[in-house]
Structures are given as structure tokens and as C-alpha cells.
Amino acid sequence: MEDHEIINLYWERKENAISATAKKYGKYCHAISYNILHCKEDAEECVNDTYLGAWKSMPPRRPEHLSTYLGKITRNLSLNRFKQYNARKRRLGQTELVLSELEDCIPSETSVEQIVEEKILVKSINQFLWEQPEQKRNIFISRYWFLYPIRDIAKNYNISESKAASLLFRMRNELKIYLEQEGITL
């Protein structure tokens, strides 16, 4: 089933929108959630919450790219669950490690001004990524959007773990310089 057909099912409030979404994007959403939570049951619950979130948000929203829309819902739900879990456990896991790697190149203090400028930051990061060769861009996104471990990235792109780690390190430094040149203070 095509994305626009699935979106129409949501807009028509047809329950088979959920099953069509699960069939087409269930594995994709589960991979996102599992990479954050590392728990099959929690990932499944977040994916189910993703379907509920899509049901509640369509209408009024009509996403251009259903996969991105669902991925963002899944990722946000999973990160929220991760934060709740770690507030209780306080353990350093893969997700926390990945997020900490970006601390040096992404502003971290939250203020009203920063919230207003968030769209500028997102636009600048997207522009930076689109200027990169496809493989580098995909490796960066695999690490910092999908939160894949470096060993999995290296395996997926047929490179060594040290090369993947080095490439990500250089890209973070390049991103930091790029953002500074764009006038985004770190």
C-alpha cells in the first residue's frame, strides 16, 4: 500500500490504517526504538504508541513523508522512555553515549531564544549533511538519528570500526565548525 493511501485511511478514521502502517513500517519503527532502548518489549510498546500517536495526529496533520513522520514519533517516544528509565537507573548505555558524542557541537542549554532558533539549527544541520558525500551522510544519520552502534555501522558499510569512529569524529568537528560559521554559538 502506498503512503498516501495509508494517510488517507487515517484521515478517513479507518482502523485498518494501523494494520497497514504496521505491515509497511513496523520493522523500521522497531529498529529505531530498539536501538535506543535495547529492550524488545519496550521497543514494541513504543512502536504501538507510535501508531496511537499517528492516529491522534492525523488529522489535522498530513505528513509529506510517512516514514520520516513515523520515525520521528517513534524516536521521540523511545527517547522519552529512555530518559524515564535512566532517571531511575542512572546507567551509561549506548543511547547516552551517542548523545554525549554530539554535546561538543550542538548547543545544550535550553532557553526561549534557543527554542526560537531551533529551526535555524535544524536547517543548518540538514544543509551540512546534504553537502556531505552520501556514504558519510548515511553513516552520520545511522549513528545520530538511528543510534546504531559503531560496530553495526562498520559492518553495514563494510569499513573497520576504527574508520567509522574516525569518520564520525571528523564529521562532528566539521559540523561544529560549520555551525560556528553559520553564526550558531556553541
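Output yes when any residue across segment 92-109 is farther than 23 Å from residue 184 by Cβ, part of a loop (DSSP other than H, G, I, E, B) and at pLDDT below 95, and no when none is.
Yes.
What residue, of 67, 78, is of a type in the set (Ser, Thr, Tyr), surrounded by 16 or more Cβ atoms within 10 Å (Cβ to Cβ) and modelled with pLDDT under 95?
That would be 78, the only listed residue that is of a type in the set (Ser, Thr, Tyr), surrounded by 16 or more Cβ atoms within 10 Å (Cβ to Cβ) and modelled with pLDDT under 95.
The values are calculated or read from the model by the stated rules, or taken from the named source; none is laboratory data. Predicted model, so just to flag it, every value in this text is computed and none were measured. Backbone-built Cβ (ideal geometry, glycine too); neighbour counts: all protein chains shown.
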